[in-house]
Amino acid sequence: MKYKKGSNVFLVLPILMPLIIAIFIIGTIIIYSGVYIPNDTLDTLWKISLPDNIELIYEESTDPGFHGDRSALRIYKSDNIWSFINLEYGDSKEVESGVNDIIADIGIGSEYAPDFDKPYSWAIKKDGMDTLYIIQFLDDKRIYLAELIM
């Protein structure tokens, strides 16, 4: 069979199609595995740098959705009070409701839920539809970061 001069497309397609499919599959795996979404949004989204003397006790999050939406909870222990973030003192129904919704979304047990019966300080940071709840308990030196990324 003779090929005409402009029919090189038929020779290139069998080589090009598997390459396009491989790129699509690898891209999908990267997006759904969470590699595409920064795991530590504290620096990238919230512009918060954690002190060196802080210990991560617990971390859990939902799998990222199609648009990168997820919920996450991090619990830290630190001997120092966070002085670089302006925290409010006293109860906040908005914080308690938001954090409890995030914990329910992740599906973790009550052993990791903050005890809002104890005194705490708090802050809420928002960036568009994304929300970060910061809760600090002075009695057990725990800091909870509950994150809702939309």
Which residues, taken from the range 115-143, are of a type in the set (F, W, Y), in a loop (DSSP other than H, G, I, E, B) and under 22 Å from the mean Cα position of the chain (by Cα)?
none
Enumeration of residues in the range 75-107 that are closer than 19 Å to L42 by Cα and either of a type in the set (V, I, T) or loosely packed, with under 12 Cβ neighbours inside 10 Å (or both)
I75, N80, I81, S83, F84, I85, N86, V95, V99, I102, I103, I106
Against the definition (within 29 Å of T28 (Cα to Cα) and touching a residue at least 60 places away in the same chain (Cβ under 8 Å)), how does A72 come out, yes or no?
yes
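Confirm whether S110 is assigned by TED's automatic domain parsing to the domain that holds D52, out of contact with any Leu (no Cβ under 8 Å at 6 or more places or on another chain), exposed (fewer than 14 other Cβ atoms within 10 Å of the Cβ) and at pLDDT below 95.
Working: assigned by TED's automatic domain parsing to the domain that holds D52: yes; out of contact with any Leu (no Cβ under 8 Å at 6 or more places or on another chain): yes; exposed (fewer than 14 other Cβ atoms within 10 Å of the Cβ): yes; at pLDDT below 95: yes.
Yes: the conditions hold for S110.
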Please go through the range 104-114 and pick out each residue that is out of contact with any Asp or Glu (no Cβ under 9 Å at 6 or more places or on another chain) and either in contact (Cβ under 8 Å) with a residue 12 or more places away in the chain or not in a loop (DSSP other than H, G, I, E, B) (or both).
A104, D105, S110, E111, A113
Candidate set: the range 28-58, residues that are in a strand (DSSP E or B) and surrounded by 14 or more Cβ atoms within 10 Å (Cβ to Cβ); chosen: the one modelled with the highest pLDDT:
Y58
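The values are calculated or read from the model by the stated rules, or taken from the named source; none is laboratory data. Predicted model, so just to flag it, every value in this text is computed and none were measured. No Cβ is skipped: glycine too gets one built from the backbone with ideal geometry, and neighbour counts run over all protein chains shown.
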